[in-house]
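See below for the structure under consideration.
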Amino acid sequence: MTTLVHYLVQYGVALVFLNVFLEQIGAPVPALPTLIVAGALARDGKLSSTHVLVGAVAACLIADWLWFVLGRRYGYRVLRTICRISLSPDSCVRDTEANFERWGLKSLLFAKFIPGFSTVAPPLAGATRHRTLQFLLYDGLGAILWAGAGVAAGRAFHRAIDRLLLALERLGWWAVVFVILILALIVLFKWWQRIGFYRQLRMARITVDELRAMIDGGQAPVVLDVRTPSVRKRDPRRIPTAIVTESAEIDLHIGDVPPHKEIVLYCT
Amino acid sequence: MLMEKGFTVVRPLAGGFDGWVEAGYPTEPV
């Protein structure tokens, strides 16, 4: 057995647990590659698939339960914190909220397959006051499906992964540098995406003071309230003259609006 | 989506509804 594989076998389950936990807590370190490698090692009889799955599911449940409790305690403020640390500009709270409202706790079954949604769904379940046992049940099933898919992929492609491990082994300590470099590049890329996303948003956004001045000056734009129904139920107010609509129904409300007319959207 | 439909000036409200309320501006019932 090569040294690299020897270490992977010795600390494999702990590594899977740590990696999955970090990813679920919101750190930008992908866990799927680790699960795939663990699956390949399990296929070769060097690791137990059951142990890997138990480690991954336990890490998911612990991390997700922590977010669930924080969501229950601090509500929607937790979601903003997650968006800050996850470096995923695509995980807009509103989109996640809409998905969650549509599917409820069942969305936890596939949440881990969708970047961004995975970390945001548990605190959302807490903020919307779902029961802990039901949450853990759906979250656990989702974790089994997700980790199972990773391990199954590793088992299916074990020969290719074995060759990759062997190639890394030949690199010696450079293999560690290589893996760290890849991780650093992923984090850097996500950070760069995020900076660009926020720069674009800053340029495009209108401030509340600007909007107020436009309304007072008789140059009111078309204002669309695109908050989700549950948020609107909690706070049944709107900006004066705003059109209350769902994303899918915007067409019904803007049919007569000329294309040059300014449109301002707001959510929570 | 709106820009794809030909609308040229589409801007999200910075701070959202919470920002509007925090600024003390008026609201009306939905």
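Odds and ends about this structure:
- Residue in region A:203-216 that is without any contact (Cβ under 8 Å) to a residue 60 or more places away in the chain and closer than 30 Å to A:ALA56 by Cα present: no
- Residue count for region A:224-246, restricted to those that are among the basic types (Lys, Arg) and within 22 Å of the chain's Cα centre (by Cα): 1.
- Residue in region A:231-238 that is touching a residue at least 60 places away in the same chain (Cβ under 8 Å), among the aliphatic types (A, V, I, L, M), facing chain B (nearest Cβ under 9 Å) and surrounded by 12 or more Cβ atoms within 10 Å (Cβ to Cβ) present: yes
- Lone unmet requirement of (1) more than 7 Å from chain B (Cβ to nearest Cβ); (2) loosely packed, with under 14 Cβ neighbours inside 10 Å; (3) under 21 Å from B:GLY24 (Cα atoms) for A:GLU249: (3)
- For first residues located in region A:130-154 and outside any helix (DSSP H, G or I), partners that are surrounded by 16 or more Cβ atoms within 10 Å (Cβ to Cβ) and lie 6+ apart or on another chain with Cβ distances below 7 Å form the pairs A:HIS130/A:LEU105.
- So A:VAL257, is it surrounded by 15 or more Cβ atoms within 10 Å (Cβ to Cβ) and at the interface with chain B (Cβ under 7 Å from one of its Cβ atoms): no
- Evaluation of A:LEU165 against (1) within 30 Å of the chain's Cα centre (by Cα); (2) under 19 Å from B:ALA23 (Cα atoms) (one fails), failing number: (2)
- Residue selected from region A:226-268 under the condition outside any loop (DSSP other than H, G, I, E, B) and among the polar types (S, T, N, Q), by the criterion modelled with the highest pLDDT: A:SER230
The values are calculated or read from the model by the stated rules, or taken from the named source; none is laboratory data. Everything numeric here is computed off the predicted structure, so don't read it as measured data. Counting neighbours? That spans all protein chains shown, and the Cβs are built from the backbone with ideal geometry, glycine included.
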